[in-house]
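Below is one structure; the comments refer to it alone.
The values are calculated or read from the model by the stated rules, or taken from the named source; none is laboratory data. As the structure is a computational prediction, the values presented were derived from the model and not from experiment. Positions of Cβ are backbone-derived with ideal geometry, glycine not excepted, and every protein chain shown enters the neighbour counts. Accessible surface is based on the protein model in full, side chains and every heavy atom, while ligands, DNA and RNA are left aside. Shrake-Rupley method; radii C 1.70, N 1.55, O 1.52, S 1.80 Å.
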Amino acid sequence: MDMIARVREALLAAGHPDSIAQFPAGTHSAADAAAAVGCSVAQIAKSIVFRADEAIVLVVASGANRIDRGKVGAMLGLKVKNADPVWVEERTGFAVGGVSPIGHPCPVTVVIDRDLLQHDMVWAAAGSPTHTFSTTAPQLIALTSGLVADVRQD
C-alpha cells in the first residue's frame with residue numbers, strides 16, 4: 001500500500017472525511033505548504049520526528065515554530081535526539097517532507113504543539129511532499145492520541 005493510501009485509510013477508519021489534496025508545486029516545507037494550500041504558515045501542522053533510543057517521537061508543530069527538543073524530552077521523561085532521514089523513513093515508512101501524523105506501521109508517541117489549537121483549520125502531511133490533509137486541532141489530537149504541550153523554542 002502506498003503512503004497516501006495508508007493515510008487515507010487511517011482517516012477513514014477514524015471516521016474523518018478524506019480531505020487529502022495534492023499540490024504539485026510541493027509541500028516539503030511549512031512555507032511551501034502554506035503557499036500551496038493558501039493559509040498561514042502557523043496553520044501548517046509540520047511533523048518533526050525525534051528518536052528516544054529506538055522509539056519514535058513525532059512532534060506535530062505549528063509551521064511557524066521551531067521545536068525545543070529539551071521541552072519535548074522533559075515532558076515525556078525521555079532523552080530525545082534528532083532522527084536522520086534514513087532512520088525516519090525506515091521506521092515510519094514516510095520520507096522527510098511527507099511524514100504524516102497518522103498511518104504509521106508501528107507505535108508512535110505523538111506530541112501536539114499547543115499553538116495549533118489557536119486555528120480553526122490546520123493542514124498536515126498526507127504521506128508525500130505533495131499531499132496534505134485538512135483537519136481541526138481537536139480532530140488531530142483525536143486521530144493521533146497526541147499529548148498537547150508547549151514545545152515551541154523560546
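Tally time: how many residues in the stretch 4-28 are out of contact with any Lys or Arg (no Cβ under 8 Å at 6 or more places or on another chain) and either open to solvent by less than 50 Å² (accessible area, probe 1.4 Å) or small (Gly, Ala, Ser) (or both)?
To start, the set of residues in the stretch 4-28 that are out of contact with any Lys or Arg (no Cβ under 8 Å at 6 or more places or on another chain) comprises 4-17, 19, 21-28.
Keeping just the survivors that are either open to solvent by less than 50 Å² (accessible area, probe 1.4 Å) or small (Gly, Ala, Ser) (or both) gives 4-7, 10-11, 13-16, 19, 21, 23, 25-27.
Summing the residues that are out of contact with any Lys or Arg (no Cβ under 8 Å at 6 or more places or on another chain) and either open to solvent by less than 50 Å² (accessible area, probe 1.4 Å) or small (Gly, Ala, Ser) (or both) in the stretch 4-28 gives 16.
Residues to consider are Ala83, Ala45; find the one that is open to solvent by less than 30 Å² (accessible area, probe 1.4 Å), aliphatic (A, V, I, L, M), at pLDDT 95 or above and in contact with a Gly (Cβ under 8 Å, 6 or more places away or on another chain). Lay out the reasoning, then the answer.
On the way: Ala83 fails: in contact with a Gly (Cβ under 8 Å, 6 or more places away or on another chain).
The unique qualifying residue is Ala45.
The set of residues in the stretch 31-52 being free of Cβ contacts under 8 Å to residues at least 24 places away in the same chain and assigned to a loop (DSSP other than H, G, I, E, B) consists of Gly38 alone. For Val99, the criteria (1) of a type in the set (A, V, I, L, M); (2) surrounded by fewer than 21 Cβ atoms within 10 Å (Cβ to Cβ); (3) closer than 28 Å to Pro17 by Cα; (4) in contact with a strand residue (DSSP E or B) (Cβ under 9 Å, 6 or more places away or on another chain) hold in every case but one, which is (2). When the residues of the stretch 62-80 are filtered to those that are open to solvent by 50 Å² or more (accessible area, probe 1.4 Å) and either in contact with a strand residue (DSSP E or B) (Cβ under 6 Å, 6 or more places away or on another chain) or β-branched (Val, Ile, Thr) (or both), which remaining residue is nearest to Asp120 (Cα to Cα)? If we take residues in the stretch 62-80 being open to solvent by 50 Å² or more (accessible area, probe 1.4 Å) and either in contact with a strand residue (DSSP E or B) (Cβ under 6 Å, 6 or more places away or on another chain) or β-branched (Val, Ile, Thr) (or both), then Met75 is nearest to Asp120 (Cα to Cα). Thr109 falls short of the stated requirement of being closer than 23 Å to Asp32 by Cβ and among the β-branched types (Val, Ile, Thr).
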